Amino acid sequence: MFAQVLGSGVGTRHAMTSAVRKRCGLLMDSDVHGPSNWSPAQAAVRAEGDLVSASIFIADGTGYTAESDWGLKLAELGIEAKVVPAKEASFELAAEALRLVTECEVNVVALAVKEGDFDYLAERIRKGGEAAGCKFSIMEIGSPGWEV
């Protein structure tokens, strides 16, 4: 599992180093991050700060239920499943990130999404947060198979 923080500066990425505990939210895309990635993603975020919220976005029509194997594992790990229309998943994820920043005072948003989606989502979340007057960092949780 690969994790790094995208700072609020010029868009450079740097390794996670911080002595101050932060309030963190984890948002995952189920198309990329299945059950074998959930605990490592949570561990990567906990290394950065206190994990106060964890959610995974699941496309509707997949047959997901709270009683399924996935549902039971998510409940065991304290991860909230958000079943959304597939075409609206990016919008829903960005909206949840902004809710965490503005309402839950999260100052690190960890995104576990497709490599190609990260920059787009990070920019949208950053712009929304700036418009709301919030300061926060965005942390990237790498896709399975990423090497450093």
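Quick note: the coordinates plus some simple rules give every number you see, no bench work behind them. No experiment lies behind these values; they were computed from the predicted model shown. Positions of Cβ are generated from backbone atoms using ideal geometry, with glycine treated the same way; all protein chains shown enter the neighbour counts.
A few remarks follow.
- Charge dipole of segment 39-148 (Cα centre as origin; +1 on each Lys and Arg Cβ, -1 on each Asp and Glu Cβ, all else neutral): 200 debye, rounded to the nearest 20.
- Diffusion coefficient, µm² s⁻¹, Stokes-Einstein with Kirkwood Rh over alpha-carbon pairs of segment 20-113 at 20 °C and 1.002 mPa s: 161 µm²/s
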